[in-house]
1. What nm distances, shortest first, do you get from the label point of residue B:176 to those in the other copies when the point sits 7 angstrom along Cα to Cβ?
2. Once every Cα of the protein assembly as shown carries one equal point scatterer and solvent is ignored, give the base-10 log of I(q)/I(0) from the Debye formula at q = 0.04, 0.08 Å⁻¹, two decimals.
3. If I model a spin label as a point 7 Å beyond the Cα along the Cα-Cβ vector, how far apart are those points for residue D:100 and residue C:229 in nm?
4. Once you average over the residues of A:41-52, how many Cβ atoms of partner chains fall within 10 Å of each Cβ?
5. Looking only at other chains, what is the average number of their beta-carbon atoms within 10 angstrom of each beta-carbon in C:229-235?
6. Kindly provide the pair-distance distribution of segment D:168-209 built from C-alpha pairs, with 10 Å bins from 0 and whole-percent values in order of increasing distance.
7. In nm, one decimal, shortest first: how far is the label point of residue B:190 (7 Å from Cα along Cα to beta carbon) from the matching points in the other copies?
8. What is the mean projected area of the alpha carbon convex hull for segment A:185-310, to one decimal in square nanometres?
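Readers should treat all values here as calculations from the given coordinates under stated rules, not as data from a laboratory. It should be emphasised that the depicted structure is a prediction, and the values quoted were computed from it without experimental measurement. Reconstructed Cβ throughout: ideal geometry from the backbone, glycine too, with neighbour counts over all protein chains shown.
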4 protein chains.
Amino acid sequence: MSLHYPAAPQDWRRLAARRLPRFLFDYIDGGANDERTLAANVDDLAALRLRQRVLVDVAQVDTRATLAGQPCALPLALAPIGLAGMAARRGEAQAARAAHAAGVPFTLSTVSICPLAEVAAASVPPWFQLYMLRDRGAVRALLDDAWAAGCRTLVFTVDLPLPGMRLRDIRHGMAASGARPALLRAAQVLARPGWVWNVALRGKPLRFGNLTAQVPGARDLNAFKAWVDAQFDPGVTWKDIEWLRGQWKGRLLLKGILDVEDARAAVAVGAEGIVVSNHGGRQLDSVASTAAKLPAIAQAVGAQAEVLVDSGVRGGVDVFKALALGARGVLVGRPWVWALAAQGEAGVRTLLAQWQRELLLAMTLAGVTRTADIGPRHLDTDS
Amino acid sequence: MSLHYPAAPQDWRRLAARRLPRFLFDYIDGGANDERTLAANVDDLAALRLRQRVLVDVAQVDTRATLAGQPCALPLALAPIGLAGMAARRGEAQAARAAHAAGVPFTLSTVSICPLAEVAAASVPPWFQLYMLRDRGAVRALLDDAWAAGCRTLVFTVDLPLPGMRLRDIRHGMAASGARPALLRAAQVLARPGWVWNVALRGKPLRFGNLTAQVPGARDLNAFKAWVDAQFDPGVTWKDIEWLRGQWKGRLLLKGILDVEDARAAVAVGAEGIVVSNHGGRQLDSVASTAAKLPAIAQAVGAQAEVLVDSGVRGGVDVFKALALGARGVLVGRPWVWALAAQGEAGVRTLLAQWQRELLLAMTLAGVTRTADIGPRHLDTDS
Amino acid sequence: MSLHYPAAPQDWRRLAARRLPRFLFDYIDGGANDERTLAANVDDLAALRLRQRVLVDVAQVDTRATLAGQPCALPLALAPIGLAGMAARRGEAQAARAAHAAGVPFTLSTVSICPLAEVAAASVPPWFQLYMLRDRGAVRALLDDAWAAGCRTLVFTVDLPLPGMRLRDIRHGMAASGARPALLRAAQVLARPGWVWNVALRGKPLRFGNLTAQVPGARDLNAFKAWVDAQFDPGVTWKDIEWLRGQWKGRLLLKGILDVEDARAAVAVGAEGIVVSNHGGRQLDSVASTAAKLPAIAQAVGAQAEVLVDSGVRGGVDVFKALALGARGVLVGRPWVWALAAQGEAGVRTLLAQWQRELLLAMTLAGVTRTADIGPRHLDTDS
Amino acid sequence: MSLHYPAAPQDWRRLAARRLPRFLFDYIDGGANDERTLAANVDDLAALRLRQRVLVDVAQVDTRATLAGQPCALPLALAPIGLAGMAARRGEAQAARAAHAAGVPFTLSTVSICPLAEVAAASVPPWFQLYMLRDRGAVRALLDDAWAAGCRTLVFTVDLPLPGMRLRDIRHGMAASGARPALLRAAQVLARPGWVWNVALRGKPLRFGNLTAQVPGARDLNAFKAWVDAQFDPGVTWKDIEWLRGQWKGRLLLKGILDVEDARAAVAVGAEGIVVSNHGGRQLDSVASTAAKLPAIAQAVGAQAEVLVDSGVRGGVDVFKALALGARGVLVGRPWVWALAAQGEAGVRTLLAQWQRELLLAMTLAGVTRTADIGPRHLDTDS
Ligand SMILES: Cc1cc2nc3c(=O)[nH]c(=O)nc-3n(C[C@H](O)[C@H](O)[C@H](O)COP(=O)(O)O)c2cc1C
Ligand SMILES: Cc1cc2nc3c(=O)[nH]c(=O)nc-3n(C[C@H](O)[C@H](O)[C@H](O)COP(=O)(O)O)c2cc1C
Ligand SMILES: Cc1cc2nc3c(=O)[nH]c(=O)nc-3n(C[C@H](O)[C@H](O)[C@H](O)COP(=O)(O)O)c2cc1C
Ligand SMILES: Cc1cc2nc3c(=O)[nH]c(=O)nc-3n(C[C@H](O)[C@H](O)[C@H](O)COP(=O)(O)O)c2cc1C
């Protein structure tokens, strides 16, 4: 297939594979275990059928939406991706600029390369994603930093009590210590001199921008893993969310909800919204796709909270489908990192422009002119 | 697989791939986005099961039918294909001759290479396909031309308020401007010297035969895209169809209906027929196959209007199935263009002869001797 | 996959592909159109689930059965295969010997290479398969020949009013005339010198052994096609079967029944049995598999007539399944021809020994000791 | 895929393929006939969906369980694998050591290479697996040996009245006699010099450790087959199990139950437990997967007997699923032999550590802290 003009996430993905060291590409690309949930996320969305309607007046189709109180050109935001800054020079800053240009929010991961301040300076204050750490003082400090940087939306991730079994990482020896795995990775790095020059050398410093206090010597994925193992707290419960709620004055979105009962609890604890997510199939392989779980959750809590969804969304038609299933908007994960790795900020811009065109086209052919009007009746359930 | 003697559309397709520049083949072959609807069109027809009956007297099987008031040797017509004239020298004229020889109607696209007059002169007046243009005067002029050329059946296409996202075209840089994409295409053209000689040089002029007034400088697919973007009117509604109905004294078929409600509206507005179609999966990827939508539509309006169907029909057995699902006849899309690209008029003739034999055989083994008698009872719904 | 010791039909098939000229292999291997019914035959049997039972006394498992009044070592017979004698030197005689050694009936096709007398002399009088010909005198003569040769079971084939669309044959130019297709086939023949020596030269005469009177000059597949086109009678109805019934004193099995109503008619007309068959998927592509149709047919007429089945049976486990679905026995088609092409008589013997072992094993693990006791309760319908 | 750091059974399998002579790898890897049950075992487990729950306190997840009265670090035991000692030098002893280190039971096959005493000495007394032999004196002697060696759990296998049709073995000529198949196998052996040195030479003696009395000259797989054919008794019934029950004072598990009625009979005859198994798809191809049969069986007899399951379990998530379907624990078959072949004792240890981590993670993300609490409510049956 011609890759001169990437047209879809799969094209961006292939371009990313050509530019990134293999272990880094696999870190981004992979999911837990046999990657069945990863595949189900994509397939279940793809399998949904839409109704085509004709001769409705679709001269004025409007793709805008409001997410977390913020007007957006499209009903989507970029998902938090840890270490995205390894994919391109000062990667999160580039992506944030592209998102801003396209009129959509960017979410910065706790474990980003670029610090909050750098990203905010490059564009506008992003949404900020946080994990619960054992050291609650550190959590408070991060919340304060975020507020100070202008962030008003906190995306708090609840589906990572432990990092998932990512077999690709194990195969690359990410979990192994000693010289051998390091050598294997070095060989993969050397096979991508462009990346070495652009990212590793000219993109310095490659450390966890928001955690320089917490993870001082962090220089690679292993250090990240070690820190996560030490700091991530599997003992977190809804009580801790109540505490967090008290700490944060802005909007709170709980990310990683996949069960109706947990969605109800999220509302009860005072979250303004949730992100229905299985972490892109990176945590428990065998859980259902988000497309399968979304309708019941949206039905249960959609009136009280803003329901976003991610995992497997791969284009403007999928955005349409997510809305038809009851979501207010979506987060985009891997696709933006692939585009970033492929062509930096310009790549992310092109990707977002393509998705906008696709969403517009889907609305046009479904005969609906406003995103808020997209709903179950646009799904074809007869065939 | 041996391609010495093409036996089925897939063989013709492969032969076409060998003769056409890649971007042109992909323009014909491709569908919207991930081409799932394109695949579903073919697969859903293929999955239908027929009942075999034996020892019925099938000495006299008659494949004839009447479509749009016109007696036909088979219940099928060739679908309108824009730019088909790029596939072979004066392509539409060749195909129209083959259709005439086989006793079936040919439909000329608005955006054909050969003008109406040339096609009519080569055989008989074809059916004429029209898109709604912003410039209603131009529409009226085209209608007048068609009537003057002897056309009495107008196929008005309603499922293209905007052109679909055809990723293959984007990958070839069809949407990109500048020297680079042009060079890439030039390389693909030079790889097919036979095509250059036969079509590009000896097939001149390669412009939109019916639109020389409207698109004067049109010389390539890009110009076509530009004109479509400018002229196609997403604001068209049923009101405009009423207007059109008033303008056209012949038969009017609305092409691109996929929903029962739209089918009912078509009848209400006075169309003599509809073509159940998703434009061969080229518009909104994710809509259902026509095989899935046809039965309910035929049920709803089959008594008041002539129901034709296209998209995914790939042989005489599929024609039989379409009739069993309730259609009066089918339009054939890509297959005839593949055969045309492969062997010109002779190719289309051979293709049609093969389909006739297949239909005859299907009728023989199903134990039915007249096309009008084909119906749901010939489908095997138990297994 | 190692092919030193063929273990299953797929292995025999691959060995046959190495020994036969391509067009001949494809003639045997192929089905109608896209070969979906061909695939469904195999897949639907394969998808059936059996119940495993343990600790039943299976020390004495008996695979014998009675088919058409004849005691058989296994509930199967070799199906009639036209031109099987092209697959190995005096092929039908070899296969008949192997069948006799294995204790199962052999069915000789109307259009065999070896004449009835040769086959009967090589082993015992086979079952004889007949097609209805326009020339009823010829039919009577063939019936007389069969009776004289000792045949007492007539397999009358009703699903070939016209030969099916076998695309592989068309691709090889079997339907085309002139020097070119002949040359193409000649090249394929020359690529198999072993076959030329063993079959074409030492296996002479290669003509239709039973039709030397009717098709005097028949020397190749083309002549066969021509004769079939001329002689096969699509006007045959149940009336003609009544006539036939009057002509034949032995047992009459109608082969090619796929519909309950046709099965009932077969009983009404006095047939002792039927073969539920879709001709191995060689006639109307899109009809259901025989596994899908068998249960209802066996239910409807199993008490009055002997119900055999063929198409897609690929081993002893499939034989078990066919019986569990209600059949008394099966016909084996392509597998025996593959084994014959691969290793002649010895190949067919080995194949039959493997199937016997498989059937025995299936009975052992299902906990049933007599073929007559195999029934629906051995199917696992819960999972 | 990188195989430097094997992460999952498929990786271990590929490493095993590189180290073992082909026929030996295929003996371990293969199943009966077309290996559909083999595939279904894996696929049906994989297709089960789990519910993800968040913000439950999962700081203390405990993977321990009690199997056959024995405390285990994980709810699993290594399944009995005949000839496992051919996969690595003194293979069963190595695997038993790894199992002991990981805190799980090891089951020694009747037809192991290492004798019971050697295995017991290397670690602790294993579970002992037995087949019924025609010579009941030999059975009694084996039971006495096992008891003397300290074994207290007897796994009695009931699904092998005859060995299944393993096509791969036939293809390698395992069933054929004479010089040719021996030569073919010798060539495969010579292609694995590492195996020759480590296993064939330094791993001597390669004979059936527990059967030196019964199969004195046993030196290869053929001798095994011959002995099985002679000694395995298809006439065994529930009466014989009653007899066996009287002979054995320890725990008795009947292995190879796949039907609810047989499970009930097992309880009635006094077995403490059963292993729901289809012998890893090696016996009757076409029986259902164990995942399909387990729930009804666990429902029927789970209260009276310990229900274990094997066949297709491929990781810690599968262990979780088996428990959710109603099993108390699982047996692991091929995976441990692959790991053993790949890296000996260390391989089996690594494998078990990976499975423990996966089970722990699955429990963490499902929000359950004790294996005894895993149940149907952890399955996601809505999607
Ligand atoms: C490489 C990678 C890193 C991620 N890092 C984070 C993270 O740091 N925080 C977080 O909440 N989610 C993280 N996620 C999950 C994403 O935010 C998002 O839920 C997921 O990617 C959506 O699935 P998709 O990639 O199929 O679109 C990460 C995902 C990937 C692929
Ligand atoms: C290359 C191409 C060009 C087409 N151009 C037109 C067109 O100009 N007008 C129109 O109404 N439909 C057009 N169609 C749609 C066809 O008329 C028809 O609906 C479709 O091809 C049927 O699907 P099939 O190709 O699977 O048979 C075009 C289709 C293709 C493949
Ligand atoms: C090469 C070939 C030739 C055949 N010729 C005849 C024939 O002459 N008469 C007939 O009744 N059936 C004929 N059949 C059909 C077989 O008798 C049988 O119905 C079919 O092969 C069963 O399907 P299977 O091949 O999948 O087992 C033929 C089938 C094949 C494959
Ligand atoms: C190579 C091999 C040898 C086996 N030998 C025995 C055996 O001697 N006794 C027994 O009870 N089961 C035997 N089994 C069956 C296993 O104990 C177990 O039921 C099966 O392997 C489980 O399926 P799995 O391999 O998919 O996990 C054997 C299985 C394999 C693959």
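1. 4.0, 4.0, 5.7
2. Once normalised to I(0) and log-transformed, intensities are -0.30, -1.23.
3. 8.0
4. Shielding by partners across A:41-52 averages 4.
5. Numbers: counts 0, 0, 0, 0, 1, 9, 5.
Mean number of neighbouring Cβ atoms from other chains: 2.
6. 26, 42, 32
7. For residue B:190, the other copies' label points sit at 3.8, 3.8, 5.4 nm, shortest first.
8. Answer in nm², one decimal: 10.7.
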